[in-house]
Amino acid sequence: MTSFTLADLEKIVAVRAAADPAESWTAKLAAAGMPKAAKKLGEEAVETVIAATSQGRGELVGESADLLYHLLVVLRIGNIPLNEVMAELQRRTAQSGLAEKAGRPVE
């Protein structure tokens, strides 16, 4: 088990996003703006699905890491701290997913 957390990664993303885009992929991605970062997040999501359905454990671990990293970059660009997402997850887990879904308004 590792002691590295998503909060640790969030801090690293914040520091690197403020760096020179010529020297940091994170800064370059952040400088390109939300559309580019969101597109990259989507690409990583697809690659994670492919790894989950047709590749090995190592590929799934690697793609999952890429997905989490790119999600944190998107959250950084959107000025959404990880703790807001975690609070929403905590709120949602106060009841079962089926109960939560049943309580949604019908559209």
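Values quoted throughout were computed directly from the atomic coordinates according to the rules given, and no laboratory measurement underlies them. None of these values were measured; they are calculated from a predicted model. So basically every Cβ, Gly included, is an ideal-geometry build from the backbone, and we count neighbours across all protein chains shown.
Under 23 Å Cα to Cα from Lys39, which lysines show up? Leave out anything in the same chain fewer than 8 places away.
Correct list for Lys39: Lys11, Lys28.
For the pair Glu88 and Trp25, what calculated FRET efficiency results from E = 1/(1 + (r/R0)^6), where r is the Cβ-Cβ distance and R0 = 22 Å, to the nearest 0.05?
Taking R0 as 22 Å, the efficiency between Trp25 and Glu88 is 0.20.
Would you be so kind as to identify which of Val46, Leu89, Thr26 lies farthest towards the positive end of the dipole of the chain, taking Lys and Arg as +1 and Asp and Glu as -1 on Cβ and the Cα centre as origin?
Of the listed residues, the answer is Leu89.
With θ set to phi - 60° and the Karplus curve 6.51 cos²θ - 1.76 cosθ + 1.60, what are the ³J(HN,Hα) couplings of segment 42-58 in order, to the nearest whole Hz, using x for Gly and Pro?
For segment 42-58, the Karplus-derived couplings read x, 4, 5, 5, 4, 5, 5, 4, 4, 4, 5, 9, 9, 10, x, 4, x Hz, x marking Gly and Pro.
Given Cβ point charges of +1 (Lys, Arg) and -1 (Asp, Glu) and nothing else, what value in debye, to the nearest 20, does the dipole of segment 6-92 about its Cα centre take?
220
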